[in-house]
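Structure first, then comments.
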Amino acid sequence: MPDGDDKPGGGRLIVLSNRIPRGNIPSGGLVHAIHEALTQFGGLWIGAAEPTPVAEPGLTTIGDDAYERRTFALSEEEHRRYYLGYANSVLWPLFHHRSDLLDIDEGDFDHYATVNKRVARAIAAIAKPNDLIWVQDYHFLMVAHELRALGVSNRIGLFLHIPFPNPSDVMALPQVAMLPAWIAAHDIFGLQTQRDVSSVREMLRADAKTEQLDDGFFRRAGREFCVRAFPIGIDAQAFADAAERATVPRLTIEKRAPLLLGVDRLDYSKGLVHRFEAFAHYLENRPDHYPRPTFLQIAPTSRGDVTAYQEIREELEQTAGAINAQYADLDWTPIRYVNRHVDRDVIAGLYRRADVALVTPLADGMNLVAKEFVAAQDPDDPGVLILSHFAGAVEQMKEALLVNPFDPAGFAHTIADALNMDIRERRRRHDALREGVFRQDIGWWTQRFLDRLSAAPRPIDDYLKAI
Ligand code: GDG
């Protein structure tokens, strides 16, 4: 990443994300990468405060070292309607191709707009001319547009961690007509995959005001902006070290019995019910002489206040219960479903112990678990990654065993292939995957994004006057 004199005009970095770490920075991962970038550039990290009865404008400082951490206020109603409502009951399902789960309430969008405008005003009040502004994710799709309306000409980039909807799905968003202007207000609109870039391109093609240029650039209202893929990585070395150090918890499974592992936030996009059913299909058809496999699924509850998440939790409990009732024996439970958070070091040890990882979302921006599993394996005796076609990670991880999670029979065959794979093929696939996971790690991702953002042409005054 540009440092010292390479910083554009010596500007700082302003990062906006919904979550902001309160205390110590956890090692590895996105939070750590943002922390490192901010330490290098200097600047500010802005995130949401805990909800309060009334939200005041401006920012509150919560920490100050190499850079400042500040929060913007959120009222309890805004938390319910901007965060749980528009962000997580409209944008999240829509962007994960689940229009059937949309819960549209006109007032929720008003709160989303209010919060985005409040955040934009707070940033406009503190941004210095050469600061880079880096927005994270779908909670803040309008912030750049609001900043431009306030006359802010800084370089602004947004990275969308989740998929972008395809052209027909996106029509279900009541605010679809505003999307091109929101996107065009950035200098860089970053996505996880080429597939997502194509979806944005398709949407912009239908927008009469947008002109497509070369190399990912577009022009709208007199200024150019770029739409590009920046596939996110992990801190591969930190994960490999943690996995090597970790003591695997006692699992009480048969000695040479294979362990299949899934690790996901409990979210309907992760395809957990489909995964459980495919495993049942495998159990139904597996030869009797096999050692009995155990499938361990760790899925801590997430967004438990949203109805769709309560429903998926119930459905998963019922599915696991029914499968275990049908296939379990006195000394064997096929599915171990752990519905709580497990420490990262324990997860790293479990990845290393697992023979097969099941990373089979129905839609996913990237999926970091696929990369963590690969980084954690013993290269001499690696496990096998089963990866869904619908995880963004598939564009970089072609050597995984790829599955269609909607096809239980095909999925079950792939589980059998994974459990039967000989050591030479396991090593061949793992070597290739590992090389990519280490080369395109989280540092590579941060650097690529910030290099591109630093080099973006500055917005022009005519545009600011035109919007
Ligand atoms: C979004 C996009 C994109 C899960 N359970 C536990 C635990 N985890 C950790 C995993 C992994 C992370 O949570 C989940 O990673 P995903 O990639 O599946 O992320 P999402 O939360 O859906 O986030 C996604 C990501 O942003 C980054 O851009 O890849 O597509 O949806 O790191 O290890 N960690 C611990 N205990 C658990 O019980 N310690």
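Here are a few things to note about the model shown:
- Residue check, residue 297 in contact with a Gly (Cβ under 7 Å, 6 or more places away or on another chain) and either under 19 Å from residue 257 (Cα atoms) or without any contact (Cβ under 8 Å) to a residue 60 or more places away in the chain (or both): yes
- Selection from segment 195-212 of residues that are outside any strand (DSSP E or B), more than 30 Å from residue 26 (Cα to Cα) and either touching a residue at least 24 places away in the same chain (Cβ under 8 Å) or touching a helix residue (DSSP H, G or I) at 6+ places or on another chain (Cβ under 8 Å) (or both): 195, 197, 199, 200, 201, 202, 203, 204, 206, 207, 209
- So residue 114, is it of a type in the set (S, T, N, Q), without any contact (Cβ under 8 Å) to a residue 60 or more places away in the chain and surrounded by 15 or more Cβ atoms within 10 Å (Cβ to Cβ): yes
- Helices (runs of 4 or more DSSP H) contained entirely in segment 47-163, each with at least 3 residues that are farther than 24 Å from residue 175 by Cα and either within 16 Å of the ligand (Cβ to nearest atom) or outside the structural domain of residue 368 (by TED's automatic domain parsing) (or both): 106-126
- Considering only residues in segment 391-407 that are buried (at least 19 other Cβ atoms within 10 Å of the Cβ) and either basic (Lys, Arg) or closer than 18 Å to residue 284 by Cβ (or both), the one that is farthest from the ligand (Cβ to nearest atom) turns out to be 403.
For every residue, the table says whether it meets (1) at pLDDT below 95; (2) surrounded by 23 or more Cβ atoms within 10 Å (Cβ to Cβ).
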| position | (1), (2) |
| --- | --- |
| 158 | no, yes |
| 167 | yes, no |
| 173 | no, no |
| 177 | no, no |
| 187 | no, yes |
| 191 | no, yes |
| 195 | no, no |
| 198 | no, no |
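- Tabulated pairs, segment 363-381, first under 15 Å from residue 270 (Cβ atoms) and outside any loop (DSSP other than H, G, I, E, B), second near the ligand (Cβ under 6 Å from one of its atoms) and among the β-branched types (Val, Ile, Thr), C-beta under 6 angstrom, 6+ apart or interchain: 369/263
- Selection within segment 361-404 - touching a Lys or Arg at 6+ places or on another chain (Cβ under 6 Å) and not β-branched (Val, Ile, Thr): 361, 376, 382, 399
- Figure legend. Inter-residue proximity from segment 330-354: first residues under 14 Å from residue 247 (Cβ atoms) and of a type in the set (Phe, Trp, Tyr), second residues within 10 Å of the ligand (Cβ to nearest atom) and outside any helix (DSSP H, G or I), beta-carbon distance below 9 Å, spacing 6+ or different chains. Indicated pairs: 351/263.
The values are calculated or read from the model by the stated rules, or taken from the named source; none is laboratory data. Computed from a predicted structure; not experimentally measured. All Cβ positions, even for glycine, are placed from backbone atoms using ideal geometry, and neighbour counts span all protein chains on display.
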